[in-house]
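J.: Take this structure, written in structure tokens, and hold onto it; I'll ask about it next.
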Amino acid sequence: MTYANFETMPLVLSVEDIADTLLIGRNKAYSLVNSGVIKALKIGQHYRIPRDEFIKFVKNGVQNA
């Protein structure tokens with residue numbers, strides 16, 4: 001799902017959410033999460049990205065991606 005602005009995003013995003021929002025593939029989104037470029041929580045088999053961490057990533061630009 002894509003979001004018009006940060007305020008409409010849920011507090012926690014999935015990898016698919018960030019892939020859709022950034023218009024990148026799912027594999028690239030997982031790569032960003034696995035490498036720690038985007039900080040995420042792993043709950044069971046799933047990653048959850050706090051909205052604040054995603055906003056930091058977007059505002060700081062892609063330095064290590």
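J.: Could you please find all residues in the stretch 1-39 being surrounded by 16 or more Cβ atoms within 10 Å (Cβ to Cβ) and in a loop (DSSP other than H, G, I, E, B)?
T.: Within the stretch 1-39, M9, S14, I38 qualify.
J.: Something else about it: Kindly list, by first and then second residue, each pair from a residue in the stretch 41-65 that is farther than 14 Å from A29 by Cβ and among the hydrophobic types (A, V, I, L, M, F, W, C) to a residue that is at pLDDT below 95 and part of a helix (DSSP H, G or I), limited to pairs with Cβ atoms under 6 Å and residues at least 6 apart or on different chains.
T.: So the pair list comes out as I55/F6.
J.: So, one more: Considering only the stretch 1-16, state which residues are under 11 Å from Y47 (Cα atoms) and acidic (D, E).
T.: Within the stretch 1-16, just E16 meets the criteria.
J.: So, in the stretch 49-65, exactly how many residues are hydrophobic (A, V, I, L, M, F, W, C) and at pLDDT below 75?
T.: Selection size over the stretch 49-65: 2.
J.: So which of K42, K59 is loosely packed, with under 10 Cβ neighbours inside 10 Å and among the basic types (K, R)?
T.: The unique qualifying residue is K59.
The values are calculated or read from the model by the stated rules, or taken from the named source; none is laboratory data. Being a predicted model, the structure only gives us computed values, none of them experimental. Positions of Cβ are generated from backbone atoms using ideal geometry, with glycine treated the same way; all protein chains shown enter the neighbour counts.
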